[in-house]
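Peer 1: Sharing a structure below in structure tokens format, with a few things to ask.
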Amino acid sequence: MSTGEGEAVSMFAMQKSPEKQAIARQKEAANSPIITDLQARRSVLPSGSPFAQVAGPVLEANSRAAESELKSARLRAAAANKNWLPQIGPNISLTSLSDIVAQIIVEQVLFDNGRKKAERAFAKADVEVAAVMLADDTNERVLTALGLYLDVAEARERVTLESRALKDMQQFEWIMNERVKGGVSDMSDLNVIRSKLSEINANLATQQEAAATALAELNAMSTTPLNMVSGLTNLEVGMAQATPLAVLLAEAEKERDIAAATMERAGLLPGLTAGGTLGDGGSGIGLNVSSDQLLGLGTGASLQAIEATKEAAGRRVSQAQEDSNRNLSRLESRAGALARQVGEAAKLTALAKGNLDLFQQQYDAGQRQVMDVVGVYETFAARQTAEVGLKYELALTRLELARALGLLADGSEI
């Protein structure tokens, strides 16, 4: 019993309290503008909205492989922060068959051309890269889930439209069948209507299958079934709301590349260390001037190549900024165009409904044939379908814009 309690106490002692973890995160954010930016981001998904109802369970089921990478990077950064301290290690050798010499090696770097500082900068930038990758991975998962949800919602709405069209076309078939029996209409018109019925039935089955497939995939990503969630969310998102994740990643990678180049440069130049061995036969403490690589005729070119690496890292940030601006501008323009098209499609649908009502009245008055009404009805049904497609395309485009900005999940929760 006592052994179990001792193990529990030791395990508890190894874990930081939530308060200490929060303090550590605050210190980390204070030293990193990138992590501060990520933590300050707020999701554009309104609380309680259908989109938020989907995102919540999906994030709870996230395996968060990128989180392990971030944890590993943080541990490496914590280790690098102590790299300026003296290093010690054992040195045990067998001098003869009977004598064993045990010594302690001590080494302290006095001058290293900025290598130790670069190691700390590299570890810090590595944490920032991992943090951006985690945010990117989380936002991508939410976008995938919401894309599936839009597929489900659109397919369900199309099923509703096809079911209504099927019922109406069956009524037209009954009327035409009676007219054929009475010798008023030709059998070819009845065959045309029956062909249209077959097409509607095929479309209906296709949409039902699409809804079931997307819903099954969505539920596989979630901790709870999402069958009952319905409706759309009107997102307010613009490219000026946040710095794109791709740009933050490029900036973090730039700092990491510069630190790596600085370490490589330090390895080409001589450094000064103080060290020696303590113990039996130890040499005491002395100074040592050395470099990781011997100097040669190509050393100058190697140093120039390292400086070029730093310049290339800066240019990659500019390229990422340009690419992100192009992508965001495209998405924002696309969203504006789709919003306009949705409004126009709604007007066209209303106009087609007015024409259908007019033709129906004229048919009831004996001024129109059944096939005339059927043709106008098909136009009305096509307008409805087009409006639905545009509506969901607009919703997906806005989600893609929010995903590029990293605004599909709260940064502090990630």
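Peer 1: Given the criteria farther than 30 Å from ARG179 by Cβ and open to solvent by 60 Å² or more (accessible area, probe 1.4 Å), does ARG315 qualify?
Peer 2: It is true that ARG315 is farther than 30 Å from ARG179 by Cβ and open to solvent by 60 Å² or more (accessible area, probe 1.4 Å).
Peer 1: Only one of (1) over 22 Å from the mean Cα position of the chain (by Cα); (2) modelled with pLDDT under 75 is not met by THR160, so which one is it?
Peer 2: Of (1) over 22 Å from the mean Cα position of the chain (by Cα); (2) modelled with pLDDT under 75, only one is false for THR160: (2).
Peer 1: Of all residues in segment 357-372, which are in contact with a Lys or Arg (Cβ under 7 Å, 6 or more places away or on another chain) and either within 22 Å of ALA346 (Cα to Cα) or open to solvent by 60 Å² or more (accessible area, probe 1.4 Å) (or both)?
Peer 2: Residue satisfying the conditions is PHE359 alone.
Peer 1: Which condition does ILE175 not pass, out of (1) surrounded by 22 or more Cβ atoms within 10 Å (Cβ to Cβ); (2) at pLDDT below 95, if it passes all the others?
Peer 2: Going through the list (1) surrounded by 22 or more Cβ atoms within 10 Å (Cβ to Cβ); (2) at pLDDT below 95, ILE175 breaks only (1).
Peer 1: Same structure, new question: Which of the residues that make up segment 373-414 are small (Gly, Ala, Ser), outside any helix (DSSP H, G or I) and open to solvent by 50 Å² or more (accessible area, probe 1.4 Å)?
Peer 2: SER412
Conditions tested, residue by residue: (1) under 30 Å from SER32 (Cα atoms); (2) at pLDDT 95 or above.
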| site | (1), (2) |
| --- | --- |
| GLN207 | no, yes |
| GLU217 | no, yes |
| ALA240 | yes, no |
| ALA266 | yes, no |
| GLY286 | no, no |
| LEU303 | yes, no |
| GLU311 | yes, no |
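Peer 1: If you don't mind, there's one more thing I want to ask. Any idea how many residues of segment 326-364 are under 17 Å from LEU248 (Cα atoms) and touching a residue at least 40 places away in the same chain (Cβ under 8 Å)?
Peer 2: The qualifying residues number 2.
Per-residue answers, yes or no, for (1) outside any helix (DSSP H, G or I); (2) modelled with pLDDT of 70 or more; (3) among the β-branched types (Val, Ile, Thr):
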{"site": "GLN53", "(1), (2), (3)": "no, yes, no"}
{"site": "VAL58", "(1), (2), (3)": "no, yes, yes"}
{"site": "SER63", "(1), (2), (3)": "yes, yes, no"}
{"site": "GLU69", "(1), (2), (3)": "no, yes, no"}
{"site": "SER72", "(1), (2), (3)": "no, yes, no"}
{"site": "LEU75", "(1), (2), (3)": "no, yes, no"}
{"site": "LEU85", "(1), (2), (3)": "yes, no, no"}
{"site": "SER93", "(1), (2), (3)": "yes, no, no"}
{"site": "SER98", "(1), (2), (3)": "yes, no, no"}
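Peer 1: In the set LEU215, LEU235, LEU245, which member is under 30 Å from GLU307 (Cα atoms) and surrounded by 14 or more Cβ atoms within 10 Å (Cβ to Cβ)?
Peer 2: One residue alone meets the criteria, LEU245.
Peer 1: In this structure, does MET133 turn out to be among the aliphatic types (A, V, I, L, M), in contact (Cβ under 8 Å) with a residue 24 or more places away in the chain and open to solvent by less than 60 Å² (accessible area, probe 1.4 Å)?
Peer 2: No; evaluated as a whole, the condition is false for this residue.
Peer 1: Hey, can you tell me all the residues within segment 318-353 that are surrounded by fewer than 17 Cβ atoms within 10 Å (Cβ to Cβ) and under 26 Å from ALA261 (Cα atoms)?
Peer 2: Within segment 318-353, SER318, GLN319, GLN321, GLU322, ASP323 qualify.
Peer 1: Still on this structure, I have one more. Identify, from the list ARG334, ARG256, ARG340, the residue that is at pLDDT 95 or above, part of a helix (DSSP H, G or I), charged (D, E, K, R) and touching a helix residue (DSSP H, G or I) at 6+ places or on another chain (Cβ under 7 Å).
Peer 2: ARG334
Peer 1: Name the residues in segment 211-253 that are without any contact (Cβ under 8 Å) to a residue 40 or more places away in the chain and of a type in the set (A, V, I, L, M, F, W, C), would you?
Peer 2: ALA212, ALA216, ALA220, MET228, ALA240
Peer 1: Taking segment 330-346 on its own, how many of its residues are closer than 14 Å to VAL237 by Cβ and not aliphatic (A, V, I, L, M)?
Peer 2: Count: 4.
The values are calculated or read from the model by the stated rules, or taken from the named source; none is laboratory data. Just so we're clear, the structure is a prediction, and the values are computed from it rather than from any experiment. Note that we place each Cβ from the backbone using ideal geometry, even for glycine, and neighbour counts take in every protein chain shown. Please note that ligands, DNA and RNA were not included when accessible areas were found on the heavy atoms of the full protein model with its side chains. Shrake-Rupley method; radii C 1.70, N 1.55, O 1.52, S 1.80 Å.
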